[in-house]
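Chemist: Pasting in a structure now, in structure tokens, and then I'll have a few things to ask.
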Amino acid sequence: MELNETVLRSEMIYDGKIVHLKVDHVRLPDGREAKREVVVHSGAVAIVPVMEDGTVLMVRQFRLPAGKVLLEVPAGTLEAGEEPMACAHRELEEETGYRAAELQHLFSAYLAPGYSTERIHAYLATGLTKSHAHTDEDETVEIVPISSEEIENKIQAGELEDAKSISALLVALKRLSVRGKAAL
């Protein structure tokens, strides 16, 4: 069965700093026409920084769309032409003041493919050394160290509500668990 849609024309509705909104007029597989509203985003990274003792460095920051402060893993938007791993290194240092000796790719995923092109690349950061934080001028974050043992309880208690953070944390902790078992 054919599922692909063909874009007939696009209209740019909004051209912002981080997102752009367009309306695509498409031909459906059965020949009918439809409209698709698409948020165009350059992509992002999410980083799970884990200290030698298993502590995960997270950040708290106010998120206007959520209307509250959220606890998240460090993350940020890809700059034009920037490779995801380079962005992960940059964002880790900007938000936490740490550098990673090793970044392991965990996964890449679309956040909301029904209406957005945003694809996030998640990384596990280890071998952390202190540097200095230098957040963006419009960004205020608080570093929150959390033991890896507390993460799942915080997710189940609803204290973590950010999907990228939940996904990245669960995959990272599973990877660290498997790595730890292999070392035994």
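Chemist: Averaged per residue, what accessible area in Å² does segment 101-150 show with a 1.4 Å probe, protein chains only? Don't skip to the answer; put the middle values down first.
Modeler: On the way: 3000 Å² over 50 residues.
Accessible area per residue, segment 101-150: 60 Å².
Chemist: I'd like the accessible area for Lys35: 1.4 Å probe, protein heavy atoms, all chains in place, Å² to the nearest 10.
Modeler: Surface open to solvent at Lys35 totals about 140 Å².
Chemist: Using a 1.4 Å probe on the protein chains only, how many percent of the accessible area of segment 64-184 belongs to carbon and sulfur?
Modeler: Working: 3600 of 6800 Å².
Accessible surface attributable to carbon and sulfur in segment 64-184 totals 53 percent.
Chemist: Turning to a different aspect of this structure: For a label point 7 Å from the Cα of Glu52 along Cα→C-beta, name the residues of segment 108-129 whose backbone N is under 14 Å from it.
Modeler: 126-129
Chemist: Round to the nearest 0.05 the FRET efficiency obtained for Lys174 and Ala80 when R0 = 35 Å and r is the Cβ-Cβ distance. Display every interim value, and only then the final one.
Modeler: On the way: r = 33 Å, r/R0 = 0.95.
Efficiency at R0 = 35 Å is approximately 0.60.
Chemist: Once you have the alpha carbon radius of gyration of segment 82-184, what is it after dividing by 2.2 N^0.38 Å, with N set to its residue count? Could the numbers behind the result be given before it?
Modeler: Numbers: Rg = 14.8 Å, N = 103, 2.2 N^0.38 = 12.8 Å.
So segment 82-184 has a normalised radius of gyration of 1.15.
Chemist: Over the Cα atoms of segment 29-106, what Rg and Dmax result, in angstrom?
Modeler: 17.0, 59
Chemist: Roll a 1.4 Å probe over the protein chains and send me the accessible area per residue for segment 1-95 in Å². Mind showing how you got there, number by number?
Modeler: Numbers: 5540 Å² over 95 residues.
On a per-residue basis, 58 Å².
Chemist: Identify which of the listed values of Rg/Rh (Cα atoms, Kirkwood Rh) was calculated from the structure shown: (i) 0.92; (ii) 1.04; (iii) 1.13.
Modeler: Working out Rg/Rh (Cα atoms, Kirkwood Rh) from the coordinates points to (ii).
Chemist: Next question, about the same structure. Would you work out the relative contact order for the chain, in percent, from Cα pairs under 8 angstrom that are 6 or more residues apart?
Modeler: Values: 370 pairs, mean separation 39.1, N = 184.
With pairs under 8 Å counted, the relative contact order is 21 percent.
Chemist: Next up: Taking the chain as a Gaussian network, where each spring joins two C-alpha atoms under 10 Å apart, which residue of Glu91, Glu102, Glu137 fluctuates the most?
Modeler: Result: Glu137 has the largest fluctuation of those listed.
Chemist: Sticking with this one: Evaluate the charge dipole of segment 19-89 about its Cα centre and quote only its size in Debye, nearest 20, assuming +1 on the Cβ of each Lys and Arg and -1 on the Cβ of each Asp and Glu.
Modeler: Working: 8 positive and 10 negative charges, 102 e Å.
Approximately 480 debye in magnitude.
Chemist: Also: For the chain, give the share of DSSP beta bridges that are antiparallel, in percent and rounded to the nearest 5; count only bridges with both residues there.
Modeler: Numbers: 43 of 50 bridges.
The antiparallel fraction comes to roughly 85 percent.
Chemist: Another question, then. Estimate the FRET efficiency between Val26 and Ala133 by the formula 1/(1 + (r/R0)^6), using the beta-carbon distance for r and 45 Å for R0, to the nearest 0.05.
Modeler: On the way: r = 44 Å, r/R0 = 0.98.
Here the calculated transfer efficiency is 0.55.
The values are calculated or read from the model by the stated rules, or taken from the named source; none is laboratory data. Remember, it's a predicted structure, so these values are computed and weren't measured experimentally. Positions of Cβ are generated from backbone atoms using ideal geometry, with glycine treated the same way; all protein chains shown enter the neighbour counts. In case anyone asks, the SASA skips ligands and DNA or RNA and just uses the protein heavy atoms, side chains included. Shrake-Rupley method; radii C 1.70, N 1.55, O 1.52, S 1.80 Å.
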